[in-house]
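Contents: one structure, followed by commentary.
The values are calculated or read from the model by the stated rules, or taken from the named source; none is laboratory data. Nothing here was measured: the structure is a model prediction, and the numbers come from that model. We place every Cβ from the backbone using ideal geometry, glycine too, and count neighbours over all the protein chains shown. Please note that ligands, DNA and RNA were not included when accessible areas were found on the heavy atoms of the full protein model with its side chains. Shrake-Rupley method; radii C 1.70, N 1.55, O 1.52, S 1.80 Å.
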Amino acid sequence: MPFVFGVGRVALAAALVSFVGISSPGFSAHAASPQITTQVKQRQDKLRDMGSALKSITDELKKPKVDWDNTIIPNAQTIKDRSAYLLNWFPKGSGPEAGVKTYALPAIWQKNDDFQKLGKASQAEALKLDQAANGRNVDALRAQAVAMGKACKACHDDYRSKDYEKENDE
């Protein structure tokens, strides 16, 4: 006999919500701890800083004369400095299971060896970007900015949720 309304329907709805809440990836029935929430926000802010810095460099490279001292070198330094800590920003327990909104996919921790390899490659490219910026050679910098972008994308392709692009105008 079908549920029309009343207790039977409420009980069914509660059971479904409970089941979906427990079994859905990326959803946690508990709130994230303040420490994890802060950690994820800081991680997101630092990664956005790096993305903004690379965008500033690539935008500057489109100009007829680049501003090495006020745009290129400081932004390359930001990317290099932040990248040194990149692999520390993803400790176990700071993914979707923590109950905080994050674009970090569980694959980061499931395939951590590959994630570490890509992170180290990004760090190496960031160092080369800083060296190219300090060398003040536009052609070398252009090539290295492309290489840096590819290093970022390699990680984003497998380890960042596609929801990021939908929600962040990328």
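Which of the following residues is under 24 Å from LYS150 (Cα atoms) and in a loop (DSSP other than H, G, I, E, B): LYS46, LYS62?
LYS62
Select from the stretch 98-121 the residues that are closer than 27 Å to SER33 by Cα and in contact with a Phe, Trp or Tyr (Cβ under 9 Å, 6 or more places away or on another chain) and list them in ascending order.
GLY99, TYR103, ALA104, LEU105, ALA107, ILE108, TRP109, LYS111, ASN112, PHE115, GLY119 - these are the residues of the stretch 98-121 that are closer than 27 Å to SER33 by Cα and in contact with a Phe, Trp or Tyr (Cβ under 9 Å, 6 or more places away or on another chain).
Identify all residues within the stretch 38-70 that are open to solvent by less than 30 Å² (accessible area, probe 1.4 Å) and either of a type in the set (Val, Ile, Thr) or in contact with a Gly (Cβ under 6 Å, 6 or more places away or on another chain) (or both); write none if there are none.
Listed by number, the residues that qualify are VAL40, ILE57, VAL66.
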